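These notes concern the structure reproduced below.
The values are calculated or read from the model by the stated rules, or taken from the named source; none is laboratory data. Just so it is clear, the structure is predicted and the values come from calculations on it, not from any experiment. All Cβ positions, glycine included, derive from the backbone under ideal geometry; neighbour counts span all protein chains shown. Quick note on the areas: whole protein, heavy atoms, side chains included, nothing else; ligands and nucleic acids left out. Shrake-Rupley method; radii C 1.70, N 1.55, O 1.52, S 1.80 Å.
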Amino acid sequence: LHFCDMYQCSHTRKFVVSRIQSSRFHFHPAQLVNLAVQYNTGAIFPFAFKRLVNTPITQLTAQHRELIGNDVFTTLVYVQAALEEHRRIVAAEEPKILMHTSDCQDPIGCNEDWHAIWWNGMAHFLLDGRNPQPYREAVKRFKDLQFGRVSGGCKELMFKIIEQEQHSITLINSLMKLVTGL
């Protein structure tokens, strides 16, 4: 990329960027962010930053921090903090059953058990200090739990709502729109 910029070879630059994109999993996300920022390659940055967001801060070495620079590192810390706060909110606030299905015999018990299973199941999967699960994986594991007095229809309805919401994915995409302006 350095030579492409130095000799103003736009076709070669496009080729190099496409090769980097096709082998992007061979690079550490910090290296990709560095290339994107240093050579103003917007096509690489969103993917690289998403991977960087999924990398724990403790796994970034001083060399990685130097590669991404202070502005990107600071933004990364803010994005990870926002995602962690959002994860806690999702874990603590279960989606409410607003309307029970016709097969629900005990709406009050259904609500109580839904709240309990959300807190003891989904919240545990999302907030587990040793092995926190990504949202999609937590939903898969949550489906396998016993739901007590929650009727089959109410359970099915709630899983349709949960799968449509995809909390973390929506938040990551919103944050990415803000971040790509770096």
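A compact table of results
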quantity	calculated
Residue match in region 43-54 (condition: in a helix (DSSP H, G or I) and β-branched (Val, Ile, Thr))	yes
Near pairs, Cβ below 6 angstrom, 6+ apart or cross-chain, from region 138-167 (farther than 17 Å from Phe125 by Cα and open to solvent by 20 Å² or more (accessible area, probe 1.4 Å)) to any residue that is in a helix (DSSP H, G or I) and at pLDDT 90 or above	Gly148/Asp113; Arg149/Gly109; Arg149/Cys110; Arg149/Asp113
Of all residues in region 46-82 being within 14 Å of the chain's Cα centre (by Cα) and polar (S, T, N, Q), the one that is least open to solvent (accessible area, probe 1.4 Å)	Thr55
Close pairs (6 angstrom Cβ cut-off, 6 or more residues apart or separate chains): farther than 13 Å from Leu52 by Cα in region 70-82, surrounded by 11 or more Cβ atoms within 10 Å (Cβ to Cβ) anywhere	none
Test: residue in region 65-76 that is modelled with pLDDT of 85 or more, assigned to a helix (DSSP H, G or I), among the β-branched types (Val, Ile, Thr) and within 23 Å of Ala138 (Cβ to Cβ)	no
When residues of region 22-45 are limited to those that are surrounded by 20 or more Cβ atoms within 10 Å (Cβ to Cβ) and among the small types (Gly, Ala, Ser), the one nearest to Thr61 (Cα to Cα)	Ala30
Selection count where residues are among the acidic types (Asp, Glu), farther than 17 Å from Glu93 by Cα and outside any helix (DSSP H, G or I), scope region 104-147	2
